[in-house]
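**Q** Sharing a structure below in structure tokens format, with a few things to ask.
The values are calculated or read from the model by the stated rules, or taken from the named source; none is laboratory data. Being a predicted model, the structure only gives us computed values, none of them experimental. Every residue, glycine as well, gets a Cβ built from its backbone with ideal geometry; the counts of neighbours run over all protein chains shown. Surface accessibility is based on the protein's heavy atoms, side chains included, excluding ligands, DNA and RNA. Shrake-Rupley method; radii C 1.70, N 1.55, O 1.52, S 1.80 Å.
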Amino acid sequence: LCGAPETNAVLRRLAGQLPIRIEPEAYRVGERTFPRKDHGLQFIYPSPINPERCVVVVHGVPWAPQVSRNHKLDFLPDFIVYGRDTADDGTWFPTNRVLCAGYFDGQWRISADSLWFGGSPAPTPP
């Protein structure tokens, strides 16, 4: 689902049933908010209208525009909020600076055990 609830009718229908929100000025991950301006969000979640399928939500600035198409989604966690600016982390293919990222728990809830913020080490995936 590309866009925001104000531009995507399906996302608008599902927005209240998703654990990560696209608000008018911010992304909300649990109790934390991150500005929408000059940032992006991607996450995967079981579809509230068809539990046999998942939805992928993509909004904001592009993720990893300098990375080739066949590697663009390598190693992305379940959800990520990122900036337009590039992280200078010494990797071969630098990507966007991460503000918040993580993995959902076994019940598809946001868990502090698998949540990290820019500058903190990433947890081991479940």
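**Q** Please verify whether GLU31 is within 16 Å of the chain's Cα centre (by Cα), of a type in the set (Asp, Glu) and closer than 17 Å to ALA101 by Cβ, treating the condition exactly as stated.
**A** yes
**Q** May I pose another question? Can you tell me which residue in the stretch 34-59 is nearest to the chain's Cα centre (by Cα), limited to those that are within 17 Å of PHE79 (Cβ to Cβ) and assigned to a loop (DSSP other than H, G, I, E, B)?
**A** ARG36
**Q** Look through PRO19, PRO48, PRO24 and report the one residue that is farther than 19 Å from GLY83 by Cα and out of contact with any strand residue (DSSP E or B) (no Cβ under 7 Å at 6 or more places or on another chain).
**A** PRO48
**Q** Here are PRO77, PRO5, PRO65: which of them is in a loop (DSSP other than H, G, I, E, B) and in contact (Cβ under 8 Å) with a residue 40 or more places away in the chain?
**A** PRO77
**Q** In addition: Could you say which residue among ASP74, ASP85 is touching a Lys or Arg at 6+ places or on another chain (Cβ under 8 Å), among the acidic types (Asp, Glu) and loosely packed, with under 15 Cβ neighbours inside 10 Å?
**A** ASP85
**Q** Within the bounds of the stretch 34-47, is there any residue that is aromatic (Phe, Trp, Tyr), open to solvent by 50 Å² or more (accessible area, probe 1.4 Å) and at pLDDT 90 or above?
**A** For the stretch 34-47, residues aromatic (Phe, Trp, Tyr), open to solvent by 50 Å² or more (accessible area, probe 1.4 Å) and at pLDDT 90 or above: absent.
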